[in-house]
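Taking it in order: structure first as structure tokens, then the write-up.
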Amino acid sequence: MMLSPSPDSDSAEWLPVSVLPPAGEDLELCVLDYDEIVVSLPYPCHTSGSHFVDASNKKHVDIQPTHWRKWSDRCPKGV
């Protein structure tokens with residue numbers, strides 16, 4: 001039996017965006033840069049409906065993340 005990744009986990013494991021992040025949590029997000037290299041954003045974001053916002057200034061961030069994990073003091077370290 002294969003288990004699905006849990007967004008409630010305290011794991012530092014990256015989860016695909018197909019696994020919905022928990023509402024109200026600061027998140028570390030990965031995106032593809034212009035060279036199609038996966039990089040993590042250097043600031044925490046969280047969800048606002050179906051959009052992401054910068055957690056520090058609450059402004060909409062126009063991104064299409066590939067992966068996410070809960071933000072912590074270890075962030076950002078990259079992928």
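The values are calculated or read from the model by the stated rules, or taken from the named source; none is laboratory data. Model, not experiment: these values are computed from the prediction. Because the Cβ atoms are built from the backbone with ideal geometry, glycine has one as well, and the counts that use them run over all protein chains shown.
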Breaking point among (1) at pLDDT below 85; (2) surrounded by 12 or more Cβ atoms within 10 Å (Cβ to Cβ); (3) among the acidic types (Asp, Glu), for residue 8: (2)
Residue tally, condition farther than 14 Å from residue 67 by Cα and over 12 Å from the mean Cα position of the chain (by Cα), over the range 37-53: 3
Top-ranked residue in the range 21-39 [being modelled with pLDDT under 90 and loosely packed, with under 11 Cβ neighbours inside 10 Å; ranked as farthest from residue 55 (Cα to Cα)]: 23
